[in-house]
Amino acid sequence: MDTVILSDWLAARLDRAAAEPVYRQTLRLMQQAILTGQLPPGTKLPSSRTLAEDLGIARNTVLHVYDQLTAEGYVISTTGSGTYVADTRPDTAAVNMRSKPAVASVDKEDSTPRETPKPPKRDLSDLSTRGRRLIDKAGVSAKQWGAFMPGVPDVAEFPARTWSRLQARLWKEANPDLLTYAPGGGYRPLRRALSDYLRVARSVNCTPDQIIITTGIHQSIDLAVRLLTDVGDRAWVEEPCYWGARSVLQSSGITLVPVPVDDEGLNPREQDLQQPPRLALVTPSHQYPLGMVMSLARRRTLLEYARQHNVWIIEDDYDSEFRYGSRPLASLQGLDEAGQVIYVGSLGKMLFPGLRIGYMIAPEHLVDTFRTGVAELYREGQLMQQAVMTDFIMDGHLTSHVRRMRALYGERRQILIDAITARFGSELPVMGDEAGLHLVLGLPDHANDRAVTAAAYDAGVIVRPLASYYSSDTPARRGLLLGYACVPNDKIGPAFDTLARVIEQTALKAPTRAA
């Protein structure tokens, strides 16, 4: 493409009516021509005055384009000689390309064929083994709101005006210490406020120094795993268990040992006890997803086993503030005298998930290690948010909000249970409804809960299949997780009617027998 053709080529592509400035269009088009080889290395560009006249634009515009091309290495300018296209082609000897044969392409305004390499096809084969496992088994949903999304609080009920007022007050002061990184485990006033709150609400035994502020339970688990385990170490996980925690462990190269749960919680088998794991991840106050509570006898047995075999216990206490008909249960950490329990929690379920403030309580002898680890790996910040959260707690807003939401979620839970009973009677059991933000609706053993989930999604209702929480392809139970917290009272009945029709059509029909 010579300089005359370049002017014509640019003029044909400039859109004077577009929102994008002419300068940006010209720069983009010339970069494109150089990268595709339409302007080969060594091509002398027309003078800024000539190109400006040919395109009918200001000379300063062309000068700015040439300056930017020079700065980015597309062209080389020599005083008294002119501006030339630089040679930016990859060094094939260094790259040692093994690509497929190139495909010739011809531009409409340029009849000279040029070789354009075909981009390699990308799929899961490009990923590592653990990367493929993570993506293939991913449980994250494209939708995070609506009937009956499990685990999501009603963010519309969050006292946004109160939060905004507290935040505005802090921003007005503009303390520079709140705008930098957060070494030391997080904002100390927040750690002190959380220590007081958890001691009363969850019977947790800790000092403010033991609390490490994180972005949530996922990061807390990830930090503990990185600091306390090596690739190939074994970890007990509940069967079934939360898919997110399972993904964090597997992505760190941990070998998972699914341990069944019964009505008393985690129930290790003889073969499990004979091979002590490096750590055990449990949800003792409200097993996820089935909802049972670990009995005191099982708690004491687990703690003693951990003490004798130096097993780390990660206690995931994700939503136990919301218990209906009884007070929230005491934590496992509060019974730990050997310093084997790492307690993790989040404020997202109580307030709103986008807050991204979580916490972990480290054993005293690991506090400095965990503080260093969280700062080294994640470069923590969000001190301004943590300061707002501190005032929110200290002014009593957290306690009153949790109390109000517990009552509201209790109403919604009952509305959903009544709708289930009215439609199915005792045909489909309800499990795990004593606490939290969801319940489990059992299905017949022959039902395919994944297929029911897909059909419900097409009908506009979000549920999760119980099968996806099991490590085995043949889960022990079939069912659906139904979240009720984020569904307005008057929407629960109609949404369940839709889901019920799907269940009747896809799950309650007798299985077809082979001839």
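Every number here is computed from the coordinates shown, using simple stated rules; none is lab data. This one's a predicted model, so the numbers in the text were calculated from it and none came from an experiment. Here the Cβ is made from the backbone with ideal geometry for all residues, glycine too, and neighbour counts use every protein chain on show.
Hey, rough spin-label estimate for Asp490 and Asp87, points 7 angstrom out along Cα→Cβ, what's it come to in nanometres?
7.5 nm
What is the diffusion coefficient of segment 158-395 in µm²/s, taking the Kirkwood radius over Cα pairs and the Stokes-Einstein relation at 10 °C with a viscosity of 1.306 mPa s?
Values: Rh = 18.4 Å.
Using the Kirkwood radius from Cα pairs, D works out to 86 µm²/s.
Cα-based Rg of segment 400-506 per 2.2 N^0.38 Å, rounded to two decimals?
Working: Rg = 13.8 Å, N = 107, 2.2 N^0.38 = 13.0 Å.
Output field value: 1.06.
Hey, how many Å between the Cα centroid of segment 199-239 and the Cα centroid of segment 393-408?
Comparing the Cα centres of segment 199-239 and segment 393-408, I get a distance of 25 Å.
Give me Ile212, Ile393, Ile135 sorted ascending by neighbouring Cβ count inside 10 Å, so fewest comes first.
Numbers: Ile212 28, Ile393 19, Ile135 11.
With the sparsest Cβ surroundings first, the list reads Ile135, Ile393, Ile212.
Charges on Cβ only, +1 for Lys and Arg, -1 for Asp and Glu, centred on the Cα centroid of segment 360-419; of Leu383, Phe370, Ile393, which one is farthest towards the dipole's positive end?
Ile393
Taking the Cα centre of segment 400-506 as origin and charging only Cβ (+1 Lys, Arg; -1 Asp, Glu), how large is the dipole, in debye to the nearest 20? Display every interim value, and only then the final one.
Working: 12 positive and 12 negative charges, 83 e Å.
For segment 400-506, the charge dipole is close to 400 debye.
Explain nothing, just the number: relative contact order of segment 278-389, from Cα pairs under 8 Å at least 6 residues apart, as a whole percent. Intermediate results must be reported in sequence, preceding the final value.
Values: 134 pairs, mean separation 23.2, N = 112.
Once normalised by length, the contact order is 21 percent.
Of the options Leu302, Gln505, Tyr242, report the single residue whose Cα projects farthest towards the positive end of the charge dipole of the chain (beta-carbon charges: Lys, Arg +1; Asp, Glu -1).
Gln505
Counting only helical runs of four or more DSSP H residues, what would the 222 nm mean residue ellipticity of the chain come to if each run contributes -39,500 (n - 2.57) and the total is spread over all its residues?
Working: 17 runs with 206 residues, N = 515.
For the chain, the value works out to -12500 deg cm²/dmol.
Provide Ser81, Ser285, Ser468 in ascending order of the number of other Cβ atoms located within 10 Å of each residue's Cβ, fewest first.
Ranking Ser81, Ser285, Ser468 by Cβ neighbours within 10 Å, fewest first, gives Ser81, Ser468, Ser285.
What is segment 316-405 by shape, rounded, prolate or oblate, if you read a ≥ b ≥ c off the alpha carbon gyration tensor as root eigenvalues and call it rounded for a/c under 1.5, prolate for a/b larger than b/c, and oblate otherwise? Could the numbers behind the result be given before it?
Numbers: a/c = 2.28, a/b = 1.17, b/c = 1.95.
Oblate, since a/c reaches 1.5 and b/c is not below a/b.
Taking a point 7 angstrom from the Cα of Phe424 along the C-beta vector, which residues in segment 463-491 have backbone N less than 15 Å away?
463-467, 477-484
What number of lysine-lysine pairs in the chain show an alpha-carbon separation below 25 angstrom, given a sequence spacing of 8 or more or placement on distinct chains?
Taking the Cα cut-off of 25 Å, the pair count is 10.
Which whole-Hz couplings ³J(HN,Hα) result when phi for each residue of segment 79-85 is put into the Karplus expression 6.51 cos²θ - 1.76 cosθ + 1.60, θ = phi - 60°, listed in order with x for Gly and Pro?
Result, ordered by residue: 4, x, 10, x, 10, 10, 5 Hz.
Which listed residue (Leu273, Ile221, Ala495) has the Cα farthest towards the positive end of the charge dipole for the chain, taking +1 on Lys and Arg C-beta and -1 on Asp and Glu C-beta about the Cα centre?
Of Leu273, Ile221, Ala495, it is Ala495.
If the only charges are +1 at each Lys and Arg Cβ and -1 at each Asp and Glu Cβ, what is the size of the charge dipole of the chain around the Cα centre, to the nearest 20 debye? Walk me through the numbers on the way to the answer.
Working: 58 positive and 59 negative charges, 79 e Å.
Dipole magnitude for the chain comes out near 380 debye.
Short version: ³J(HN,Hα) in whole Hz for each residue of segment 268-275, in order, from phi by Karplus 6.51 cos²θ - 1.76 cosθ + 1.60 (θ = phi - 60°), x for Gly and Pro, what are they?
So the J values, rounded to whole Hz, are x, 8, 4, 5, 5, 5, 6, 10.
Per 0.36 nm of contour for each residue apart, how much would the distance between Glu434 and Ser7 grow if the chain were fully extended, relative to their Cα-Cα spacing?
Values: separation 427, 0.36 × 427 = 153.72 nm, distance 7.38 nm.
Going from the current span to full extension adds 146.3 nm.
Expressed as a rounded percentage, what relative contact order does segment 400-506 have, with Cα pairs under 8 Å and six or more residues apart?
Working: 137 pairs, mean separation 33.1, N = 107.
The normalised contact order for segment 400-506 reaches 31 percent.
Would you calculate the separation in nanometres between label points at Leu127 and Leu508, each defined as 7 Å from the Cα along the Cα-to-beta-carbon direction?
Calculated label separation equals 3.8 nm.
How big is the equivalent ellipsoid of segment 297-456 along its three axes, where each semi-axis is √(5λ) from the Cα gyration tensor, reported in whole Å from largest to smallest?
Details: eigenvalues 229, 109, 58 Å².
Here the semi-axes work out to 34, 23, 17 Å.
How far, in nm, would the chain grow between Ile135 and Glu264 when pulled straight, counting 0.36 nm per residue and subtracting the alpha carbon separation?
On the way: separation 129, 0.36 × 129 = 46.44 nm, distance 3.26 nm.
Full extension from Ile135 to Glu264 adds 43.2 nm.
Can you give the FRET efficiency to the nearest 0.05 for Thr79 and Arg28, using r as the Cβ-Cβ distance and R₀ = 25 Å?
0.40
What does a probe at Asp395 reach in segment 144-163, counting residues whose amide N is under 17 Å from the point 7 Å along Cα→Cβ?
Zone members listed by number: 158-163.
Using only alpha carbon positions, build the gyration tensor of segment 181-322, then give the equivalent ellipsoid semi-axes as the square roots of 5 times its eigenvalues, largest first, whole angstrom. Please report the intermediate quantities before stating the final value.
On the way: eigenvalues 129, 70, 40 Å².
Each semi-axis is the square root of five times an eigenvalue, giving 25, 19, 14 Å.
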